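Structure first, then comments.
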Amino acid sequence: MGDSLNLLPASYGDFRRAAEKRLPRFLFDYIDGGSVAEVTLRRNTADWESVQLTQKVLRDASKMDCTVELFGEKLAMPLVLAPVGMGGMTARRGEVQAKRAADKAGIPFCLSTVGICTLEEVGAVSDRPAWFQLYMLKDRGIVEEILARAWASGVRTLAFTIDLAVLGTRYRDIRNGMAGGLGPWGKFRSGALDYALHPRWAWDVGVKGGPHGFGNIAMYVKQSKNPRDYLNWTGSQFDSSVTWKDIEWLRAVWQGNLVLKGVLDVDDAKQSVAIGADGMIVSNHGGRQLDGVSSTACMLPHIADAVGDQTTLLVDGGIRSGQDLVRALALGAKAALIGRPWVLALAAGGEAALTRYLGLMKQDMRTALGLSGAINAKDVGRGVLLRP
């Protein structure tokens with residue numbers, strides 16, 4: 001690394017380093033960090049890396065195919081841009097830029113409830129429908145209004161997050177004042193001073209990228225001036241009493257595809273199928289909730305064995321390369337989602353940088369397919385693994 005010219009980013013780590021230089025510290029740490037000691041955060045990536053592929057040669061790789069079908073939609077590769085709260089703060093109207101990059105890559109983009117851009121703004125990018133991620137709010141009337149707006153904006157796949165009954169303890173956010181408690185000097189250091197030390201971001205996003213609220217809930221949040229105010233509101237509105245009964249209610253009011261995000265247990269996976277969800281995302285919230293739980297790479301095959309033939313199984317957490325996409329397919333997923341990678345690539349250089357990163361992922365996937373003997377994404381199974 002130290003001997004390289006570093007003229008072009010070649011991997012997730014390269015985009016991450018560029019993003020760290022460009023973003024204010026509180027924002028980079030909010031995106032990059034996990035909960036408590038970040039054990040699960042590290043496991044997520046390490047356990048994918050430990051999944052060994054086979055190398056099988058002299059297969060005809062001239063007609064390689066990375067495409068998959070997901071909820072009736074053809075994807076250029078088995079990848080979805082995951083919902084990331086405040087993701088749009090990393091570049092000017094960031095979710096709009098991400099949607100354009102996803103469209104070019106031929107994959108879906110999923111907008112967060114607490115994204116910066118609105119459903120309508122993202123929906124206007126193209127005729128290709130976005131996905132939408134929902135947090136359950138205490139006011140069900142607001143939830144129904146948001147769902148109606150999502151449907152009107154073209155959304156047909158809803159990812160409902162089920163692993164946020166309580167918010168994980170995130171030490172980086174506490175240290176940076178994201179969790180509150182700052183005095184005047186702390187507010188200055190984390191605000192005006194930090195912005196001044198990152199002038200490109202301050203101009204691109206701070207000055208030119210407004211409004212800076214959570215677009216989809218802005219009409220419900222009174223007297224809020226910045227993302228911290230919105231985070232305080234959502235903290236008071238997130239419903240910790242949600243149970244499977246609420247999923248039944250959601251299933252009744254949402255007519256599109258319903259995907260439950262945050263499944264990390266075989267019994268929960270079985271219940272998700274029984275309650276009528278169309279799919280599930282094996283997820284530990286990117287290591288941002290309960291620290292010390294299993295990585296998604298570890299739990300995916302167990303859940304796939306239990307319900308993989310009864311549902312559409314997706315996975316997120318620690319996916320960084322095209323090789324990881326092949327590993328995810330081999331362990332039973334239909335596709336994978338990435339959160340930090342797309343946000344940090346966007347921070348590093350906007351839509352162009354994200355487009356480059358997605359191109360690198362597809363190139364990596366083609367290499368993995370061609371040299372593992374699978375050739376086509378639809379043919380990937382545990383046979384491509386060294387120890388199935």
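The values are calculated or read from the model by the stated rules, or taken from the named source; none is laboratory data. Since this is a predicted model, take the numbers as computed values, not measurements. Heads up, the Cβs are rebuilt from the backbone with ideal geometry, glycines too, and the neighbour counts pull from every protein chain shown. Just so you know, the surface numbers come from the protein's heavy atoms only, side chains and all, with ligands and any DNA or RNA stripped out. Shrake-Rupley method; radii C 1.70, N 1.55, O 1.52, S 1.80 Å.
Select from the range 86-96 the residues that are surrounded by 23 or more Cβ atoms within 10 Å (Cβ to Cβ) and not hydroxyl-bearing (Ser, Thr, Tyr) and list them in ascending order.
Gly87, Gly88, Met89, Ala91, Gly94, Glu95, listed by residue number.
So if I check each of Val36, Val51, which one is closer than 25 Å to Pro108 by Cβ and assigned to a loop (DSSP other than H, G, I, E, B)?
Unique residue meeting the criteria: Val51.
Filter the range 142-168 down to the residues that are open to solvent by 30 Å² or more (accessible area, probe 1.4 Å), closer than 25 Å to Glu73 by Cβ and in a helix (DSSP H, G or I) and list them by number.
Ala148, Arg149, Trp151, Ala152 - these are the residues of the range 142-168 that are open to solvent by 30 Å² or more (accessible area, probe 1.4 Å), closer than 25 Å to Glu73 by Cβ and in a helix (DSSP H, G or I).
May I ask you to list the residues in the range 32-66 that are crowded, with 17+ Cβ neighbours inside 10 Å, of a type in the set (Gly, Ala, Ser) and within 24 Å of Asp14 (Cβ to Cβ)?
Answer for the range 32-66, where residues must be crowded, with 17+ Cβ neighbours inside 10 Å, of a type in the set (Gly, Ala, Ser) and within 24 Å of Asp14 (Cβ to Cβ): Gly33, Gly34.
In the range 369-383, what residues are open to solvent by 10 Å² or more (accessible area, probe 1.4 Å) and within 15 Å of Val51 (Cα to Cα)?
Result: Val380, Gly381, Arg382, Gly383.
Check the range 322-345 and report whether any residue there is modelled with pLDDT under 95 and not in a helix (DSSP H, G or I).
Within the range 322-345 (the criterion being modelled with pLDDT under 95 and not in a helix (DSSP H, G or I)), the answer is no, since none of the residues qualifies.
Could you name every one of the helices (runs of 4 or more DSSP H) located completely within the range 209-278 that has at least 2 residues being at pLDDT 95 or above and open to solvent by 40 Å² or more (accessible area, probe 1.4 Å)?
244-253, 266-274
Might you check whether a residue that is touching a strand residue (DSSP E or B) at 6+ places or on another chain (Cβ under 7 Å) and hydroxyl-bearing (Ser, Thr, Tyr) occurs anywhere in the range 145-155?
No, the range 145-155 contains no residue that is touching a strand residue (DSSP E or B) at 6+ places or on another chain (Cβ under 7 Å) and hydroxyl-bearing (Ser, Thr, Tyr).
Where residues in the range 6-19 are open to solvent by less than 60 Å² (accessible area, probe 1.4 Å) and assigned to a helix (DSSP H, G or I), which of them is nearest to Ser321 (Cα to Cα)?
Tyr12
I'm trying to understand the selection: among the residues of the range 304-321, which are assigned to a loop (DSSP other than H, G, I, E, B) and either surrounded by fewer than 24 Cβ atoms within 10 Å (Cβ to Cβ) or modelled with pLDDT under 95 (or both)?
Scanning the range 304-321 gives Gly308, Asp309, Gln310, Thr311, Arg320, Ser321.
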